[in-house]
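**Q** Handing you this structure, nothing more for now.
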Amino acid sequence: MSLRFVPVSRETRGEFEAFFSARGAPHFCWCMVWRRTSAEAKHNSSAERKAQMMQRIAAGNPIGLVAYDGDAPAGWVSVAPRETYRNLGGPPAAPGEVIWSIACFYVPRRRRLQGTVRELIAGAVDYARGHGATIVEAYPVDRAAPSYRYMGFTDIFAAAGFADRGMAGIRRHVMRLEISEGGRTGS
């Protein structure tokens, strides 16, 4: 499988809306769980979360990628500058570090267990690198975790070269990948 990645933008937001509105998609959250401000959290309906996300897209903020297999949507990865999320738990940026975060995934049921998340991680890393990131950070859980599974699993990130840098709470790990223009270097 080789996926094509489309960044969500003002021009492509219709594709994002269609994908998130499809049966089984996470249209209840609109990928706002880790992005909401305290004020936005008071407006918690699906329609309000969608409006909050559409405001970010209209403002030109990076929010993530929709992956396609041919013309069929195959998955979603939330990847954006870390400062566009609320505190995900990673260490402060060192001088010169530009940190992008992978915060969640959605893969339609029919595409699961086909390596899609691995491709979504690779696409997210390439996208972040293309926007000047020096570190890509993720917050996955162990496979036995009862929650936060939408953030991915530690073993998949480890296989992609991410290094475990500690915990963010009791379930989520902080995993990092140092990246450069020429390739990937685990951190």
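The values are calculated or read from the model by the stated rules, or taken from the named source; none is laboratory data. Being a predicted model, the structure only gives us computed values, none of them experimental. When we count neighbours, we look across all protein chains shown, and the Cβ atoms used for this are built from the backbone with ideal geometry, even at glycine.
**Q** Looking for whichever is modelled with pLDDT of 95 or more and more than 18 Å from the chain's Cα centre (by Cα) here; the options are Ala47, Ala41, Ala59, Ala22. Which one fits?
**A** That would be Ala59, the only listed residue that is modelled with pLDDT of 95 or more and more than 18 Å from the chain's Cα centre (by Cα).
**Q** Restricting the first residue to the stretch 37-51 and requiring it to be over 19 Å from Thr84 (Cβ atoms), which pairs with a second residue that is among the hydrophobic types (A, V, I, L, M, F, W, C) meet a Cβ separation below 6 Å and a spacing of at least six or different chains?
**A** Close Cβ pairs (under 6 Å, with a partner that is among the hydrophobic types (A, V, I, L, M, F, W, C)) amount to Ser46/Phe28.
**Q** Further question on the same structure: Name the pairs: first residue in the stretch 107-131 and farther than 18 Å from Gly70 by Cα, second residue in a helix (DSSP H, G or I), Cβ to Cβ under 8 Å, at least 6 apart or on different chains?
**A** Every condition considered, the pairs that remain are Ile121/Ile156; Ile121/Phe157.
**Q** Going through the stretch 159-175 one residue at a time, which ones are within 15 Å of Thr116 (Cβ to Cβ) and surrounded by fewer than 17 Cβ atoms within 10 Å (Cβ to Cβ)?
**A** Correct list: Ala159 only.
**Q** For the stretch 127-153, give me the residue count where each residue is exposed (fewer than 14 other Cβ atoms within 10 Å of the Cβ) and touching a strand residue (DSSP E or B) at 6+ places or on another chain (Cβ under 6 Å).
**A** Going through the stretch 127-153 one residue at a time, the tally reaches 1.
**Q** Hey, another quick one. Would you mind telling me which numbered condition in (1) touching a strand residue (DSSP E or B) at 6+ places or on another chain (Cβ under 9 Å); (2) surrounded by 15 or more Cβ atoms within 10 Å (Cβ to Cβ) Ile156 fails?
**A** Every condition holds for Ile156 apart from (1).
**Q** Could I ask something else about it? Please specify each residue of the stretch 135-155 satisfying the condition of being among the polar types (S, T, N, Q) and either within 24 Å of Val6 (Cβ to Cβ) or in contact with a Lys or Arg (Cβ under 7 Å, 6 or more places away or on another chain) (or both).
**A** The answer is Ser147, and nothing else.
**Q** Further, regarding this structure: Going by the structure shown, is Ala158 more than 14 Å from the chain's Cα centre (by Cα), outside any strand (DSSP E or B), modelled with pLDDT of 95 or more and more than 20 Å from Ala80 (Cβ to Cβ)?
**A** yes
**Q** Determine which single condition Phe5 fails, assuming it passes every other condition in (1) surrounded by fewer than 20 Cβ atoms within 10 Å (Cβ to Cβ); (2) in contact with a strand residue (DSSP E or B) (Cβ under 9 Å, 6 or more places away or on another chain).
**A** The one condition Phe5 does not meet is (1).
**Q** Hey, another quick one. Answer yes if at least one residue in the stretch 38-54 is aliphatic (A, V, I, L, M) and in contact with a Phe, Trp or Tyr (Cβ under 6 Å, 6 or more places away or on another chain), and no otherwise.
**A** There is at least one residue in the stretch 38-54 that is aliphatic (A, V, I, L, M) and in contact with a Phe, Trp or Tyr (Cβ under 6 Å, 6 or more places away or on another chain).
**Q** Quick one: would you say Ala94 is modelled with pLDDT of 90 or more, exposed (fewer than 13 other Cβ atoms within 10 Å of the Cβ) and either within 25 Å of Arg10 (Cβ to Cβ) or among the polar types (S, T, N, Q) (or both)?
**A** No; evaluated as a whole, the condition is false for this residue.
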